[in-house]
Each structure stands twice: as structure tokens, then as C-alpha cells.
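Here is the structure we will look at.
The values are calculated or read from the model by the stated rules, or taken from the named source; none is laboratory data. If you're wondering where the values come from, they're calculated on a predicted model, not measured in any experiment. As a convention, Cβ positions derive from the backbone with ideal geometry for all residues, glycine included, and neighbour counts pool all protein chains shown. Ligands, DNA and RNA are excluded from the accessible area calculation, which covers all protein heavy atoms including side chains. Shrake-Rupley method; radii C 1.70, N 1.55, O 1.52, S 1.80 Å.
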Amino acid sequence: MDWEPLRQQLEQIFKGPVKLLKWTWEQWLRDADKAAKDKGTPPKSFCKDEQWVFLAHKEGQDALVMTVERSEMTEAERQLVEMMLEARRFQEKKPAAAAISEEERKAAMVRDWFKQQQELGLTHAEMPDSLVSQLSLYATKIPLLLYGDYSPSRRVSYQELKKLLESFFDAEVILIPLMDKEWLLLGSEKMLSIDSTDDRDYGDEESLEDTLAAIGYGLHEMLESEWVGESHLAIHYPTMPAKSLYATVMQLRETMMLGRTYHIGSNVHLPWMLQLEKLINLIPEAEKTSFLERVLKRLDVALDAETMTTLEHFFQLDCNVSETAKKLYIHRNTLLYRLDKFKQETALDVRTFNDAVLVKIALLLYKVTKRK
């Protein structure tokens, strides 16, 4: 807000100089407390060097103050100026507050609609046109589900998070609070076309999955450094929210559940990387236990921490012995020794396709059943 016109008006009224000065907020508080003389509430104005000093505006760690010669102003006029400045500050905040409440109101309507569908036990539901139009959900969006592992006592502001996200993406983001600590983000499809070829050779084109993964990992890295506490992210393929937003959220929640269940320590969960986990999760518990007993008879002996780490890296690197040895910072022969030892204890050779598949499945099941 421009305070110069008000300064000029007051200067005409008092027939004397009225100045606008920039102080630090710390300076204003210090002088205001000194003027209060332990009376409690800091004054809205005080006298310093034969001038009345009024607080006009606070922005961050700065304070804009207005000064008027003491001799030019009566006590009644001083109180009127205080009231006028306070009304002006309120008027300055009011439009922003109204915009915030309207934005959050629309997001809250979508949240309430989601809860109603859940209470009805639905797995698919089409959002009413009235909600779709209010949030402009007719265009293709990139959906992300964010879960904040922050303390229950820490309240995260809707506007604070939205501002942070829009600053990161440099674009408008639709933000919908679904449950406590759970947020739905709908980003523009333009995020996929951000030029990321600078560090790659020409012709080395990223797949859609690679681009989405880069978005997810980049966002998580920012949230980890700029936000509060640990967070988890699940990302989905671009979709048309008007028709499939509810089903998409259900799929995002499933993706996050699978990632947090089968990959402890991972914070970004990608559906195309969890297809085997999704299939395994459908198996009844009794069948899972029976499978483990058949495949790995000496379970606890065979799967110590070192062996688990070795096998996980081996599978991540497509069963490549040389690359796995480099990743683990061990000699190739040391890796071969570990794999041979595992073969002796389990009769399974992970260097063959069939045994590798069996052990990969067994590892996923073992991590879940072990925790239970």
C-alpha cells in the first residue's frame, strides 16, 4: 500500500513536516517498550526527540513509521491519527484475508466431498460439476500426494505450504487438504515440458516416468530442507481430475502404503516401481508365510544385514556383478563369495533368472513378516 498520499494529506492538515521513515522492527519495539514504562501494552505512538512517532506498517523485520512535530499536534489529534493508521492497516490486510478464505473454502469443499465418498465405501466416484468448475479441474493435471511426518503439535498453514509449492514449481498449484497431514497437489502439465536437457546429450530423451520421478525427487528434496520434518510423496501419471480425481487419490494412497510397507527408508513412491509389491500385497498372510518357509528354509541365518544389503543392490543393478561390487565398494570376488555362500545356505543361485525372481519376492515378504 502506498503511504505517501496519506503523508501529504496529514502535512496539509498540520501545516508542518510529516515524514515517513524506515526503521527496523527491533528498533520500534525497543523504543515503544521504553515509552510504555512497564505499563503493559506497547503504545501505538510515542514521543521521541520532540516528535510524535506512529507505526504505519510492519513488513517482515522492517517498520514504516510516521513522525510529526510534537508542537504541531494536540492530544486529541494524536489519538485520531492512531485510529486512522490502525484502520488503514486493517483495510490493507482485509482483501488478502478474503482471498485466502475463499481459496481455502473451495479446497475444503473438495475435502468434504472426498470424506463423504469414503464413508459410503466407494472406490470410484465422479466429482460434481459445481466442484470441478470452482477449482478449474477440466485441464490435465499431475497429481501428487504429500504426507507430512511432522509433529502433531505443529500446525502447517495452507497458505504457507501453497506459497512454498508455487515458488518451487514457478506455477500455480491446486492444493487440497485431505486428512490430517495429508495433502493433494495438482500441478500443471507444463511441468513435464520444463527444459531438463542441459545436462544430457542431445537425443537422450527422458521417458514420462523418468520426468515424473525427477519432479517427485526434486520436490521432496526441497520440502526436506524448507519445510517441517520428514515427508512422503507419491506421484501419479497425468490425469483429467474432472473425471477421475477420486480414483486417482485412492491409487496414490495405495502407492504410498506399498512404498512405506515394502521399502522402509524411501520417501518418494512411484507406482510403476511398485507393481510386484502391489501383486504380492494381495496374497493372503498364510500363503506369504508358507511361501517363505518353502523358499528360504534357513531364513534368519541366510538373511543377515550384510546379505540383505548385498541382494538388494544386486537386484537394483539388474543382477550385474561388476556394478554391484562397485556400488558396495567391495572386490568382485568378495561379492561372488557372498552369493556362493547364500547359494549354499538356501540352494538358490540369484545369478539365475528363476532363483533371482524367487529371492526377490521372498525379500519383499521377509521384510514385512519380520516386522510383524
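Some observations on this one:
- When ILE264 is tested against (1) closer than 20 Å to PRO238 by Cα; (2) under 20 Å from the mean Cα position of the chain (by Cα), exactly one condition is not met: (1).
- Enumeration of residues in the stretch 218-257 that are surrounded by 15 or more Cβ atoms within 10 Å (Cβ to Cβ), within 16 Å of the chain's Cα centre (by Cα) and in a strand (DSSP E or B): SER231, HIS232, LEU233, ALA234, ILE235
- The stretch 1-20 residues that are under 17 Å from GLN79 (Cα atoms) and charged (D, E, K, R), paired with ones that are open to solvent by 20 Å² or more (accessible area, probe 1.4 Å) and not in a helix (DSSP H, G or I) (beta carbon under 8 Å, 6 or more apart): ARG7/LYS19; ARG7/LEU20; GLU11/PRO17
- The stretch 259-276, residues that are open to solvent by 30 Å² or more (accessible area, probe 1.4 Å) and among the aliphatic types (A, V, I, L, M): ILE264, MET273, LEU276
- Among the residues of the stretch 33-55, those that are touching a strand residue (DSSP E or B) at 6+ places or on another chain (Cβ under 7 Å) and modelled with pLDDT under 85 comprise ALA35, LYS44.
- Subset of the stretch 13-28 (residues that are more than 16 Å from GLU82 (Cα to Cα) and modelled with pLDDT under 85): LYS15, GLY16
- Subset tally (residues that are of a type in the set (Lys, Arg), over 16 Å from PHE14 (Cβ atoms) and either at pLDDT 75 or above or open to solvent by less than 60 Å² (accessible area, probe 1.4 Å) (or both)) for the stretch 58-104: 3
- Which listed residue is more than 26 Å from GLN275 (Cα to Cα) and either in contact with a Lys or Arg (Cβ under 6 Å, 6 or more places away or on another chain) or surrounded by fewer than 17 Cβ atoms within 10 Å (Cβ to Cβ) (or both), from LYS341, LYS367, LYS327: LYS341
- Scanning the stretch 318-372 for residues that are outside any loop (DSSP other than H, G, I, E, B) and of a type in the set (Val, Ile, Thr) yields VAL321, THR324, THR334, THR346, VAL357, VAL359, ILE361, VAL368, THR369.
- Criterion applied to PHE315, PHE291 was being modelled with pLDDT under 90, closer than 25 Å to THR352 by Cβ, open to solvent by 20 Å² or more (accessible area, probe 1.4 Å) and not in a strand (DSSP E or B), and the one residue passing it is PHE291.
- Members of the stretch 344-357 that are open to solvent by 30 Å² or more (accessible area, probe 1.4 Å), at pLDDT 90 or above and either within 18 Å of GLU306 (Cα to Cα) or not polar (S, T, N, Q) (or both): ARG351, PHE353, ASP355, VAL357
- Options GLU166, GLU119, GLU126: the member that is open to solvent by 30 Å² or more (accessible area, probe 1.4 Å) and closer than 17 Å to LEU252 by Cα: GLU126
- First in the stretch 25-38 and more than 14 Å from GLU59 (Cα to Cα) and of a type in the set (A, V, I, L, M, F, W, C), second anywhere and surrounded by 14 or more Cβ atoms within 10 Å (Cβ to Cβ) and modelled with pLDDT under 85, Cβ under 9 Å, 6 or more apart: ALA32/PRO42; ALA32/PRO43; ALA32/LYS44; ALA35/PRO42; ALA35/PRO43; ALA36/PRO42; ALA36/PRO43
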